[in-house]
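Below is one structure, written out as structure tokens; comments come after it.
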Amino acid sequence: MSASKLNLIAYLYSTDKPTDQFEVTDVPSDIISSIKFASSGRKFLASSWDRYVYVYHITESGASLAQKIQHRAPVLDAVWGEDEDVIYSGGLDWDVRRIDLKTSEQTVISSHSAAAHALAFSKDHQILISSSWDSTINIHHTSTSPENRHLSTLKLRQKPFSISLSKTKLVVAMASRALDVYSLESFVEAATTSKPSAENPFLVFEPWQKRESSLKFQTRAVACMPNDQGYASSSIEGRVAVEWFDPSAESQAKKYAFKCHRQPASDGSGIDIVYPVNALAFHPVHGTFASGGGDGFVAVWDGITKRRIRQYQRFPASIAGLDFSSDGKYLVIAVSPGFEDGKEGEGAGEVRIFVRELNESETKPKAAKE
Amino acid sequence: MGKKKRSQPDLEEILQRPWCYYCERDFDDLKILINHQKAKHFKCDRCGRRLNTAGGLSVHMTQVHKESLTTIENALPNRAGLEVEIFGMEGIPEDVVIAHRQRVATQFVQAGNQPMNHNVNPATAGINSAKKPRLEAGSDLKKRLAEHKAKKAAVEEAAATDTASPVVDTPVGQPQSYPPPVFTPPQLLPGFAGPPGPTGLMNMGGPAFNGYAPPYGQAPTPFQAPSFTSPPVPFGQQPFEAPPFQVPQNAYAPPSQYQTGLPNIPSRPFGANLPDALHQVSSAPPPSMLQTPRPNSLPSAPGLPQRPSFGAPSVNAFQLQQMHQGHIPNSSLPYADQPKPTNGIPALASNVIPATVSQPPQPSVQLQTSTEIPKEEAKPAESSIEKRSKKDKDKDIKLVYSDNDISPEEKLSKLARYAFHPVRQEAATAGA
């Protein structure tokens, strides 16, 4: 009886579908700032400090560089737009631009007064959000003519670090552990109807929730759950928090945080080297999420049962970005030299991109602990 | 499963539990451990194939996938290396074994248990410590228990003087025998598939074994229970190749149950090896293994599947992890001290940072100000939760990036090579 059970287990293990991971050639020449799958799941883009946005196509034999779009300044983020021929990018030249991949035409749709470091696109609302180190958020409507896209600008209470959109919410993680959650629908409505004036150029709009981050250190990344119930955030201090939007006490009681991406110092001093958790990405189907750290590890977590599902072999340098394809079949991993105190821009390692073909067991939630 | 019935758990049996070098999880049974290692640590990332050892996986990765294996998956950070060749309990470096035992023993004592008194001769301890770690057969253990009890009185004062860590020395000093690797009963098949031998023997497999209940109740699980597949031929005729294992110090006296229970087995020809043989039988190698016996390896036995009991004796997996956390400077482990078993997987602790939507938590605020001193910052955070054995082991941390207010990207953007000049901006805008 138990022997047959054991055999069954062995059988299950042995019949795991083969997984594959391949490395992408023609990678950017400098640190990758973001990596994003298109909704078809067969194309992805990478934006880089080398002033280019790269578009790759996944083919039978791997992934090939299809296009690279030059910018005049390092690109800090890029997202796919309304279809797979449109990309939006933001960078150190403060501009948010729309790029038509067919014509390679670039249109500046708004400008901040500091670098535009993060973008988010909502397909449902046809809204593009850009956030900038000038502590503002620009909201753009993408289905109107390019000149009129920029709807309004919202002044944030702190400098933003990361933004993420879910179906109905916008989460903005900021300095001083501030974190705001906006209701997207009313935000869009307010932005559409607002009439910015010279004396008051900013949209007046209160977030749905003002939160304090569960993490004590600078937030590195925030990502909304695909089921729109909550979000995960990560900090420079090797930690990830999972929280729920629902303000009720019982939902708030569910939140938690955990340590990860820490390695013992190699000198045997017993000190833990704690790496920033640079990237978070939710699996669109299973609702599990991956974290990527400065230690070069990528781990897949089940946020509900609070378990780690997988940890992949260490990548050669810091993880700069992660994204699942919308069908959940691929995970793309951007590897870049990491950030370290006092060594800005001198991090070790080279730029690499890996695409991992996932099998079910890698991302599927595990049964709850007995 | 083993110890619950007893009022006082035995350190010995906790120490005897097979445990995984890579993740320090312990198991009821060696076979479970081996299966665990194959599934968790030696499984190919790419094709799901389960290899027997890290070396095997490495070769597989190189040959099949043209990749080089650098770390063992799911391993504790300082155990992820490929330098040591592990199979089951074999190959674990001496210092790690000692550390493990120390931790188990410390935990045991902390849990309020009395260690068994053992006579530990420092000299022999030293000698034995040069040996590889060995898993002890249940029969050996049983014998030793009897032995220890007999000597208990005599050793008391020795134990009393041994104030340093009597518990710790004990396991090291004890010879531990390992199942002989190449004992391969030809007709022996997993389970009861053997030809109908003496029926008395066959019956041994199940109910008859109950006669052993008391001693085995104390024993670690490996030798426990159902699939005691008895050999169809007497032991005396088995091609038995004695491995280089340590014969217990004292003349071996098999427990009487053996003799009564296994009348067909000539007890003397094997002498001290008998119990090992018995154990071996219980973990008969599968046919594949029979063809290629691995010297120095444990046979992976299909015949004796045991349910891994996670609520292990007095030291559950989680507590082990806890203890180990101190020793293992690491962790991808959760940071709350939740008393729940982790299964060797860093379970996400349900953490308690009290930040709420509306209410700023006190501790967090204090912490935030101490960014500059990472050493101090971890402590209040954790001490505010529970603290037990973790306290002194809570290590210092060093942030790779510690600026709490400026993002790495913003710092990077200030470098000259990324500078964006407004002059250029205008020109470019005009061009665009």
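The values are calculated or read from the model by the stated rules, or taken from the named source; none is laboratory data. These figures come from a predicted structure and were not determined experimentally. Ideal geometry is used to build each Cβ from the backbone, glycine not excepted, and the neighbour counts take in all protein chains shown. The accessibility values were calculated without ligands, DNA or RNA, using every heavy atom of the protein model including side chains. Shrake-Rupley method; radii C 1.70, N 1.55, O 1.52, S 1.80 Å.
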Task: Cα-based radius of gyration of the stretch A:186-342 once divided by 2.2 N^0.38 Å, which approximates compact folds - done: 1.21
- [ ] Heavy atoms only, probe 1.4 Å: what % of the accessible area of chain A goes to carbon and sulfur, would you let me know?
- [x] 50 percent
Task: Choice from A:Ser122, A:Ser234, A:Ser251 showing the highest fluctuation, given a GNM over chain A with Cα pairs closer than 10 Å - done: A:Ser251
Open item on the list: I need two numbers for chain A: Rg to one decimal and Dmax as a whole number, Cα atoms only, in Å.
Closed with: 20.6, 79
- [ ] Please work out the average accessible area per residue across chain A, using the 1.4 Å probe convention, and give it in Å².
- [x] 36 Å²
Open item on the list: Taking the Cα centre as origin and putting +1 on Lys and Arg beta-carbons and -1 on Asp and Glu beta-carbons, what dipole magnitude results for chain A, to the nearest 20 debye?
Closed with: 920 debye
- [ ] Return the average number of partner chain Cβ atoms within 10 angstrom of each residue Cβ along peptide A:336-342.
- [x] 4
Open item on the list: Once you order the gyration tensor axes a ≥ b ≥ c over the Cα atoms, which shape class does the stretch A:109-186 get: rounded for a/c under 1.5, otherwise prolate or oblate by comparing a/b with b/c?
Closed with: oblate
Open item on the list: Please check the stretch A:42-75 for residues whose accessible area, probe 1.4 Å, is lower by 20 Å² or more when all protein chains are in place than in their chain alone.
Closed with: A:Trp49, A:Arg51, A:Arg72
Open item on the list: Could you compute Rg(Cα) / (2.2 N^0.38 Å) for the stretch A:260-370, with N its residue count?
Closed with: 1.12
- [ ] Kindly flag which residue pairs out of A:Lys155/B:Lys398; A:Lys159/A:Lys255; A:Lys169/A:Lys259; A:Lys36/A:Lys169; A:Lys255/A:Lys343; A:Lys123/A:Lys159 have an alpha-carbon separation exceeding 28 Å in this structure.
- [x] A:Lys155/B:Lys398; A:Lys255/A:Lys343
Task: Packing-based ranking, highest mean first, of B:54-66, A:80-92 given that Cβ atoms within 10 Å are counted - done: A:80-92, B:54-66
TODO: Enter the mean number of other protein chain beta carbons within 10 Å of the beta carbon of each residue in A:208-220, as an integer.
DONE: 6
Task: Within the stretch A:151-269: Cβ-based charge dipole about Cα centre, in debye rounded to nearest 20 (Lys, Arg +1; Asp, Glu -1) - done: 340 debye
Open item on the list: Given bins 5 angstrom wide, list per bin the percent of all Cα-Cα distances in the stretch A:213-254, short to long.
Closed with: 6, 25, 28, 22, 16, 4
- [ ] Can you check what the net charge comes to around A:Ala115, using other residues whose Cβ is under 9 Å from the Cβ of A:Ala115 (Lys, Arg +1; Asp, Glu -1)?
- [x] -4
- [ ] Kindly express, to the nearest 10 degrees and within the range 0 to 90, the angle between helix A:2-14's C-alpha long axis and the longest C-alpha principal axis of chain A.
- [x] 40 degrees
Task: Value of relative contact order over chain A, rounded to a whole percent, pairs C-alpha under 8 Å and six or more apart - done: 12 percent
Open item on the list: Can you compute the charge dipole magnitude of the stretch B:22-95 about its Cα centre, using +1 on each Lys and Arg Cβ and -1 on each Asp and Glu Cβ, nothing else charged? Give it in debye, rounded to the nearest 20.
Closed with: 540 debye
- [ ] For A:Arg352, tell me the accessible area in Å² from a 1.4 Å probe, rounded to the nearest 10.
- [x] 60 Å²
Task: Shielding by partners - mean other protein chain Cβ count within 10 Å, residues of A:306-316 - done: 5
- [ ] State the answer as a single residue: which of B:Asn78, B:Trp19, B:Val59 lies farthest towards the positive end of the charge dipole of the stretch B:3-78, with beta carbon charges of +1 for Lys and Arg and -1 for Asp and Glu, about the Cα centre.
- [x] B:Val59
Task: Signed unit charges on C-beta, dipole axis of the stretch A:125-280, positive-most listed residue A:Ser214, A:Ala265, A:Trp244 - done: A:Ala265
TODO: Nearest 100 Å² is fine: how much accessible area is buried between B and A, summed over both sides, with a 1.4 Å probe?
DONE: 7400 Å²
